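Below is one structure, written out as structure tokens; the observations come after it.
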Amino acid sequence: MNIKMFRNVKIQKKLFSTLLLIFSVPVLSIGIILVLYTHTTLTKHYTEQVTSENIRVRSVLFDLTTNLYNISNNFILDSKLTELLSSRYSDINDIRKHFDSYKDIDTILEQQTSINEIQIYTNNPTIQSYSHFIYCTPEIKEKNWYKSMASDKNLFWQTDIRTKHGYTCYELTMYRKVPLPLVKDFAILVITVSDNYLKNRLDNHSIPSMASVNNEPLFYDLNSTSPEHTMPESLQFQEFYNKIYKGIEVNGKKTIAVVSTLQPYRTDDYVYIFSYSVRSIPYIFRITMTCFFVVLLALFIPCALLYFYTGYFSARIYLLRQAMHQASQDDYNIINSFKGNDELSETFSDLQIMIQKIEEKEAMVYKTKLREQELINRQQELENKQQQIEFKMLTSQINPHFLYNTLETIRMKAFNEDNFEVAEAAKLLGRFMHYSLENIGTTSTTLDKELYYIQLYLKIQKLRFKDRVNYTIHVEPGLDPEKCYVLPFLLQPIVENAMLHGLEKSGNYGLIEIKIYTENDFLCLSVQDNGKGMDRETLETLRRTIRTKDVARTKSIGLYNINQRIMLCYGFSFGLQLESQLGSGTCVSLHIPYVKKD
């Protein structure tokens, strides 16, 4: 039903809908894939950036907390510090005398830029607050950190809120119990991390981060834009945590964020690290929408062009249909209203030609009958000539038989008189003449027969010139000469030219190398001699000679003839190629189509 309805649709709508469907499906498919791929790639890119920054911050905080733990170990194991905290002092001068001699805390503060402050809280009533040592007053003992130390904890981390120079700062602080076994008491070591150190090490303005201990107020925040100075409320914290958030809101803006946890050494506390990219979501949305609108534009412009093109095309078809309808009503007075040189214009021209032929039908029928009679007369004349040629060919075969019988008689007589060289020469000459006469008038022969013919020719020449003439024939492995067709007498003029001109002054040892191989769909044949060669000027003259016919020329006629035969048989893009260098011989090669027997 749908096919029948489609057949009844006007050609403009049919053509427009078909082309629109063919064009829109791949464009939309590729466009959707492009948009999704762009969105996925950008999201992955920003996620990897945020994850990498989060790992970096966590690594810095891990090194920092581990280093402070090791420093605190040195204080706990320091017997001099334990003795200072366990001793009893008479007055302030006695305290200054002993505590001024203890320089380890000042040394640590000078060496470690990550430490802002080191304080030791003691319960020794004889120690007044002096330098880095502070007596635990009742107000101090009411603080939560002191109560935690007094109960069961030996080490913990927390965020301390302090006011410096009129503004509130949040500092990461380590609290650790210092056992005093001599007096059965303890002191508390408090090490505060420098917030300047954290900013110098952790600040990355393209990907900011936050950090807090046990979800307390942030001890590190690059932007410091959170009013409560806490992590985003939508986060769900766990002890061991590493999660990626896509679309979480930070200060009212959707971001890509990564949250991970770090447990400092020998504590039950957890440091939560929150890294996020503020510009990731808007940038991904902007690029994705740009790709989407590009796809829509790539679809809209061709649709508009298709609409105008199909309208123009259907109007031309309508004009052609009107002209054909007029001709079908025997009205041949058709006005040429077609413009252009496309197929429809050619169809309209064909219609005019058809009308013209209809009008000339009777005259053409009469002329056709006269032509048929003339053809019959010519055919009879050709048949008579063919009979005459066949008669002459039968008559001409008498001479070759006479020559064969004569050569065989000479060969047998030489053989009986033990003149084997003359016998061999007569045999070779007979076979040579037999091949020549057998292939006169033929257009093709097999490659193995042509090579056999060349070998006969070279053997006859070797009988004449002995060791001055030598030859080798190389056939590519896998190439079957019996299944390959070539022109007869294709190589003989080339080999003869190499004999006459290439080896004429070559010395005592002349060599002709014949190579036959395939290259793509071509059969390649080359004849190389080791003669004296020729200079560049002579080579160019010879190349012109084999391409241009000169009636007065007596040299290189064989090469000119074979070159013409190759071009007439295989096409004018084929022919002989000549290469030569003075003192290095000459090579004549040709490439022809590889014609197989099957």
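The values are calculated or read from the model by the stated rules, or taken from the named source; none is laboratory data. Worth saying up front: this structure is predicted, and the values here are computed from it rather than measured. Note: ideal-geometry Cβ built from the backbone for every residue, glycine included; neighbour counts use all protein chains shown. Protein only, heavy atoms only, side chains kept; ligands, DNA and RNA dropped before computing areas. Shrake-Rupley method; radii C 1.70, N 1.55, O 1.52, S 1.80 Å.
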Amide H partners (placed H, <5 Å) of Tyr471, local residues excluded | Ile512
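Could you work out the Rg to Rh ratio of the range 1-141, with Rh taken as the Kirkwood radius (inverse of the mean 1/r over all Cα pairs)? Each step should come with its number before you reach the end.
On the way: Rg = 38.1 Å, Rh = 22.7 Å.
Here Rg/Rh amounts to 1.68.
So which GluC sites (Glu not before Pro) in the range 97-180 end up in coil per DSSP with only 16 or fewer other C-beta atoms within 10 Å? Before the final figure, lay out each step's value.
Numbers: sites: Glu110, Glu117, Glu139, Glu142, Glu171; in loops: Glu142.
Sparse-neighbourhood loop GluC sites (Glu not before Pro): Glu142.
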Using a Förster distance of 60 angstrom, determine the FRET efficiency expected from the C-beta separation of Arg162 and Ser328, and round it to 0.05.
-> 0.05
Taking K and R as +1 and D and E as -1, what net charge do the other residues with C-beta under 11 Å from the C-beta of Asn54 add up to?
-> +1
Nearest-20 debye value, the range 103-196 charge dipole, Cβ charges on Lys, Arg, Asp, Glu | 300 debye
Would you rank Met231, Met324 by solvent-accessible area, highest first, keeping every protein chain in place and using a 1.4 Å probe?
-> Met324, Met231
FRET efficiency for Phe292 and Thr261, Cβ-Cβ distance as r, R0 = 51 Å, nearest 0.05?
-> 0.85
Rounded to the nearest 10 Å², the accessible area of Val278 at probe 1.4 Å | 50 Å²
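Counting pairs of Cα atoms in the range 248-310, how many percent are more than 17 Å apart? It would help to have the intermediate numbers written out before the result.
Numbers: 1271 of 1953 pairs.
For the range 248-310, the share of Cα pairs beyond 17 Å comes to 65 percent.
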Lys/Arg +1, Asp/Glu -1 at C-beta; the range 53-184 dipole; positive extreme among Pro138, Asn124, Tyr102 | Pro138
More than 17 Å apart - percent of Cα-Cα pairs taken over the range 104-227 = 64 percent
